[in-house]
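Student: Have a look at this one.
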There are 2 protein chains.
Amino acid sequence: MELTTEEKIITAARTIFTQKGFNATRTRDIADEAGINLALLNYYFRSKKNLFRIIIEEKFDELFGMIEPILSDVNVSLEEKIEALAANYTNLLLVNEDLPFFVLSELKSNEYILEKVKKNTRMLSQPVIENQLKERGFTISTLNFIMNIVSLILFPFISKPLFVSTGLVKEEDFTNFVMNRKQHIPTWVMNTLK
Amino acid sequence: MELTTEEKIITAARTIFTQKGFNATRTRDIADEAGINLALLNYYFRSKKNLFRIIIEEKFDELFGMIEPILSDVNVSLEEKIEALAANYTNLLLVNEDLPFFVLSELKSNEYILEKVKKNTRMLSQPVIENQLKERGFTISTLNFIMNIVSLILFPFISKPLFVSTGLVKEEDFTNFVMNRKQHIPTWVMNTLK
DNA sequence: TTTTGATTTAAACAAATGATTAAATCAAAA
DNA sequence: TTTTGATTTAATCATTTGTTTAAATCAAAA
């Protein structure tokens, strides 16, 4: 591998921060995972918090970057929007299972992230959706529509530890489970509109 | 107030543990919240972990205690089951907003809770639901049926910080938002079955 | 009142942990 | 080869935090 020390640290930080969150992460664990000396972490990134910002920014964009472009496109029908969201998110989260929990968790405890959300809050795709719902004669509120879509897509990933530990879903079946849901969610959501 | 020292500590622990989780909670914060000396906490409960067990056990039962009796009752129709779950959970969580996130979070990091889940895993109301779905000619899998209900009910509480910080939901509207959803969820879920 | 055991307090300990320091090493430029 | 600046290391520091200790206080029994 041809990673610089800096890249090794970031890679390790990404792994451990997303797994354990900011507070539960030890700088020593990052150093070990990266195979470097502890002091190097502070030498390159000044502080744990600084390093964390890089990761959370990256993860945040991964999770929320796609939703706005899809929802606000007037040329994409409601059906196509749900399909695109279900497909893209499921694929993303299957290789990044900790992502939703991580972001929601840090949002609760991290001042900095709250600010970031508020800035990027042109999540105002609402008008477009509102129009499309009205045009088709659907009476559901835009907020409920969005909440339902996001719930059905994200919640299985957030609650996976619960469902696996109860035995309701087997670890090895989880991928198939969400891949299958991905295909049903558009129908389910459209059916709620009638 | 007529609380014993022991009760004051438990009350304080409940507040702080559910808000911050096990790791982020400081025994000193519990002591302060309870208005007692730090050493009393160990005098009465031996350790932080011990105190935590009492709280998590309690909260765990609150969150999962109701689901099994409702789902496994053969005399309760599918519609009534969804209604009961939506109503009971919404009411419970409105006065306990941190509960779902807290339990899911601790489930990920707490060995002890995993064991507790596995024991109480006679969450095998599956056969009853499976029958009721089959009888009515619905082809959705039992697992998807349960996952959809739970997602639609719980996710708004888990994602509240996100939706509030984006401005999609105003803090003061949240109660109305979920009270309104509570009434729609049974219809939405039944519509996914067609 | 005296005694006894439970309760409470202030102080301190030990381990964990983020950060810093000073010295060692290395690689490129002169 | 020597020099210079970047990189890396081992050791240490300071703070936080769960827990313990020893003494003080209090309330009930004798």
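The values are calculated or read from the model by the stated rules, or taken from the named source; none is laboratory data. Every value quoted in this text rests on a predicted model; they were computed, and no experiment measured them. When we count neighbours, we look across all protein chains shown, and the Cβ atoms used for this are built from the backbone with ideal geometry, even at glycine. Remember, those area values only see protein heavy atoms, side chains included, never the ligands or the DNA or RNA. Shrake-Rupley method; radii C 1.70, N 1.55, O 1.52, S 1.80 Å.
Student: Take the residue pairs B:LYS81/B:LYS160; A:LYS182/B:LYS108; A:LYS134/B:LYS81; A:LYS59/A:LYS81; A:LYS48/A:LYS182; A:LYS20/A:LYS81 and return only those whose Cα atoms are more than 28 Å apart.
Tutor: A:LYS134/B:LYS81; A:LYS48/A:LYS182; A:LYS20/A:LYS81
Student: To continue, here is another question. Tell me, what is the 1.4 Å probe accessible area of A:MET66, in Å² to the nearest 10?
Tutor: It works out to around 40 Å².
Student: Right, another one. When only the heavy atoms of the protein chains count and the probe is 1.4 Å, how do A:ASP61, A:ASP98 rank by accessible area, highest first?
Tutor: If we order A:ASP61, A:ASP98 from most to least accessible, we get A:ASP61, A:ASP98.
Student: Taking amide H positions as placed 1.01 Å from N in the peptide plane, with prolines and chain starts having none, which residues 5 or more places from B:VAL169, or on another chain, fall under 5 Å of its amide H?
Tutor: Answer set, sorted by chain and number: B:VAL164.
Student: Along Cα-to-Cβ, 7 Å out, sits the label point; list in nm, shortest first, how far the one on B:ASN88 is from those in the other copies.
Tutor: 3.9
Student: May I ask for the Kirkwood hydrodynamic radius of the stretch B:65-192, worked out over all distinct Cα pairs and given in angstroms to one decimal? Each step should come with its number before you reach the end.
Tutor: Details: mean 1/r = 0.0629 Å⁻¹.
Evaluated over the stretch B:65-192, this radius sits at 15.9 Å.
Student: Under 8 Å for C-alpha pairs, at least 6 residues apart: give me the relative contact order for chain B, rounded to a whole percent.
Tutor: With pairs under 8 Å counted, the relative contact order is 23 percent.
Student: Still on this model: What does the charge dipole of the stretch A:65-192 about its Cα centre add up to, to the nearest 20 debye, if the Cβ of each Lys and Arg holds +1 and the Cβ of each Asp and Glu holds -1?
Tutor: Magnitude of the dipole: close to 260 debye.
Student: Leaving out ligands and nucleic acids, and using a 1.4 Å probe, what accessible area per residue does the stretch A:4-52 come to in Å²?
Tutor: Accessible surface, normalised per residue, equals 56 Å².
Student: I've got another one for you. Accessible area of the stretch A:65-192 with a 1.4 Å probe: how many percent of it is carbon plus sulfur? Could you put the intermediate results ahead of the total?
Tutor: Working: 2850 of 5480 Å².
Carbon and sulfur together cover 52 percent of it.
Student: Translational diffusion coefficient of the protein assembly as shown at 4 °C, 1.567 mPa s, Stokes-Einstein with Kirkwood Rh over Cα pairs, in µm²/s as a whole number.
Tutor: 57
Student: Just to check I understand the Karplus step: with θ = phi - 60° and J = 6.51 cos²θ - 1.76 cosθ + 1.60, what whole-Hz values come out for the stretch B:127-133, glycine and proline as x?
Tutor: After applying 6.51 cos²θ - 1.76 cosθ + 1.60, I find x, 4, 4, 3, 4, 4, 5 Hz.
Student: How much accessible area is lost when chains B and A come together, counting both sides, with a 1.4 Å probe, in Å² rounded to the nearest 100?
Tutor: Roughly 4200 Å² of accessible surface disappears when B and A pair.
Student: Summarise the partner chain shielding of B:145-154 as one whole number: the mean count of Cβ atoms from other chains within 10 Å of each residue's Cβ. Don't jump to the answer; show the numbers that get you there.
Tutor: Working: counts 0, 2, 10, 9, 0, 6, 11, 7, 2, 4.
Counting other chains' Cβ atoms within 10 Å and averaging over B:145-154 gives 5.
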